[in-house]
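Written below as structure tokens is the structure these notes are about.
The values are calculated or read from the model by the stated rules, or taken from the named source; none is laboratory data. Treat the numbers as computed from the prediction; the structure is a model and nothing was measured. We place every Cβ from the backbone using ideal geometry, glycine too, and count neighbours over all the protein chains shown. Remember, those area values only see protein heavy atoms, side chains included, never the ligands or the DNA or RNA. Shrake-Rupley method; radii C 1.70, N 1.55, O 1.52, S 1.80 Å.
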Amino acid sequence: NQSVEIDPVEHIRRCTFYKDIDIYSFHKTILPSVQTLGDVFYHGYSVSNDGPCIGFYDPANESASIKWITYSAAIDCIRRIGSHLWTNVQLTPTKSTVAIISLNRAEYSFVEHACYTYGFIVLALYTSYDQETVLSILDKTQTEVLVVDNLDRIDGFKDKLLERSYLKEILIMDNMVHNESNRIRSIPAVLQTIQQSDVRSRPYINPENVAAYILTSGTTGEPKIAMLSHTNFMAMTKGSIERRERANIAAETSNRHCSFLPMAHLYERLVLISNFLHGTQVVYCPVPEKVFEYYP
């Protein structure tokens, strides 16, 4: 009784809630002001009234409370990083690709949503990939910027990376004492040098444009690549929102999410997008084994 048959030959069935709607356009009626992934943080800012967005927790100090940054502060970081990629690195909106290899942390989301906001394509790579796999994927996608959490992540093949002429910059999330190459920069340095006057206005992004390349984990051979548009992400996220609201379990801005699944995984990415869209709060746990230390 939860579904109805709409094709007596193929015996295709649809949920009774949506038996008469156009499934290809229905998602556009849900949160109509949110058309692309670049709108997500702005909607979260609005519904949370610029509330707490991302929390930082020091597990070494059990008595310390979580320190929060607001949605406006997160948006500021996103726009500064995006403006750097567009102006200084000279990436091309809707065409250039940015790869990210990192454990779960706030800077990951800043870079990811900077790309969504300014139209760059996100290529999320698993930290479990070996050097050959990473180089092969970068070669195939002609990735122009590689973002990693620390220099140790690429220590064994840094020289090979710098040999790639298509790779314009390597961004490190951690602070660096000194620059080893003019093509290696740190995100803290970018956030300091990009002034408010340098921040660029958001370009128009067609919802049908590619937002991300999604890869398999590589456990059954070389990772396979799929292209997902902003609309793909929005249809999935909005559909989930509609079903939760119908079931009276809509998310509240006071909710908190502890992110510990790999951020390269599509499920975790969708969960984070949904949380930021709802204006809820997020804490990142870099190692799943420590989830109970980080859980807020």
Extension reserve of the THR219-ARG13 stretch, reckoned as 0.36 nm per residue once the Cα distance is removed | 70.8 nm
Mind checking the full-extension length gain between ILE21 and GLU245? Use 0.36 nm per residue of separation minus the Cα-Cα distance, one decimal, nm.
-> 78.9 nm
Length-normalised contact order for segment 170-211 - Cα pairs under 8 Å, 6+ apart - percent = 31
Residue-averaged 222 nm ellipticity for the chain, from DSSP H runs of 4+ at -39500 (n - 2.57), nearest 500 = -9000 deg cm²/dmol
With all protein chains modelled, accessible area of ASP7 [1.4 Å, Å²] = 40
Ordered by number, the GluC sites (Glu not before Pro) in segment 1-100 that occupy a DSSP loop and have at most 12 other Cβ atoms within 10 Å are GLU10, GLU62
Relative contact order for the chain: what is it in percent, counting Cα pairs under 8 Å that are at least 6 residues apart?
-> 22
Per the rule of 0.36 nm per residue minus the C-alpha distance, extending VAL4 to ASN49 adds in nm 12.1 nm
Per the Debye formula with a single identical scatterer at each Cα and no solvent contribution, what log10 I(q)/I(0) holds for the chain at q = 0.11, 0.12 Å⁻¹?
-> -0.69, -0.82
Pair LYS140, ASN209: separation of 7 Å Cα→Cβ label points (nm) | 2.4
May I have the count of lysine pairs in segment 32-293 with C-alpha atoms under 22 Å apart, counting pairs 8 or more residues apart or located on different chains?
-> 10
Interchain or long-range residues, amide H under 5 Å from ILE54's placed H | ILE69, VAL282
Mind checking which of GLY279, GLY55, GLY156 has the largest fluctuation in a GNM of the chain, springs on alpha carbons under 10 Å?
-> GLY156
In Å², rounded to a whole number, the accessible area per residue of the chain with probe 1.4 Å is 50
For segment 1-40, run through the chymotrypsin sites (Phe, Trp or Tyr not before Pro) and keep only the ones in DSSP coil with at most 16 other Cβ atoms within 10 Å of their Cβ.
-> TYR24
By accessible area with a 1.4 Å probe, ligands and nucleic acids excluded, highest first: order of LYS158, LYS28 | LYS28, LYS158
Please identify the GluC sites (Glu not before Pro) of segment 164-229 that satisfy two criteria: DSSP loop assignment and at most 16 other Cβ atoms within 10 Å. Which are they?
-> GLU180, GLU208
Carbon/sulfur accessible area of segment 32-293, % of total, 1.4 Å probe, equals 49
Just the number, please: Stokes-Einstein D of segment 1-75 in µm²/s, Kirkwood Rh from C-alpha pairs, 25 °C, 0.890 mPa s.
-> 149
Antiparallel DSSP beta bridges within the chain, percent to nearest 5 = 35
Expressed as cubic angstrom per residue, what is the convex hull volume of the alpha carbon set of segment 32-137?
-> 135
Nearest 0.05, what FRET efficiency do TYR166 and ALA73 give at R0 = 41 Å with Cβ-Cβ as r?
-> 0.80
What number comes out for the charge environment of SER96, summing +1 per Lys or Arg and -1 per Asp or Glu over other residues with Cβ under 12 Å away?
-> 0
At a Förster distance of 41 Å, what's the computed FRET efficiency of ILE30 paired with THR92, Cβ-Cβ distance as r, to 0.05?
-> 0.85
